[in-house]
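Read-outs throughout are calculated quantities, based only on the coordinates presented, and are distinct from any laboratory measurement. Quantities reported herein were computed from a predicted structural model and do not represent experimental measurements. As a convention, Cβ positions derive from the backbone with ideal geometry for all residues, glycine included, and neighbour counts pool all protein chains shown.
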Amino acid sequence: MPFSPDHIAELNLLSQFESSSGQAGIKVHRNDAAPETVEAAERLFAKGLITRDDGGYLTPLGSEAVELTQKLQSIITT
């Protein structure tokens, strides 16, 4: 199954989180963020990967997803 544009937007948003620190969150500003980024944040929140629908912090599942995202990115960029 290929990655959909929605999946790519979610992966791109996850890649903005620092996996090394659970204390570093992000904020998606609805008034100036791309619509696909705003929607990705809402989907990640609904899936339980982030704490707020506009970013926030990673949940434990979100931290795992970021680690896997980083591994996948490393594999496909080498």
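Can you show me the helix-derived [θ] at 222 nm for the chain, built from DSSP H runs with n ≥ 4 at -39,500 (n - 2.57) apiece and divided by the number of residues, rounded to the nearest 500.
So the helix-based figure for the chain works out to -16500 deg cm²/dmol.
Select from 41, 33, 65 the residue whose mean-square fluctuation is largest in a Gaussian network model of the chain (Cα-Cα springs shorter than 10 Å).
Answer for the Gaussian network model of the chain: 33.
Give me the extension gain from residue 36 to residue 8: residue separation times 0.36 nm, minus the current Cα-Cα distance, reported in nm with one decimal.
Additional length available on full extension: 9.1 nm.
Taking the Cα centre of the chain as origin, sum charge times position over the Cβ atoms of Lys and Arg (+1) and Asp and Glu (-1), and report the length of that vector in debye to the nearest 20.
Rounded to the nearest 20 debye, it is 120 debye.
Between residue 64 and residue 27, 0.36 nm times their residue separation minus their Cα-Cα distance comes to what?
11.4 nm
Taking only Cα atoms and a 10 Å spring cutoff, compute GNM fluctuations for the chain and point out the largest among 52, 43, 30.
30
As a footprinting exposure proxy, order 13, 68 by other Cβ within 10 Å, with the fewest listed first.
Ranking 13, 68 by Cβ neighbours within 10 Å, fewest first, gives 68, 13.
Relative contact order of segment 5-77, please, whole-number percent, based on alpha carbon pairs below 8 angstrom and at least 6 residues apart.
This gives 31 percent for segment 5-77.
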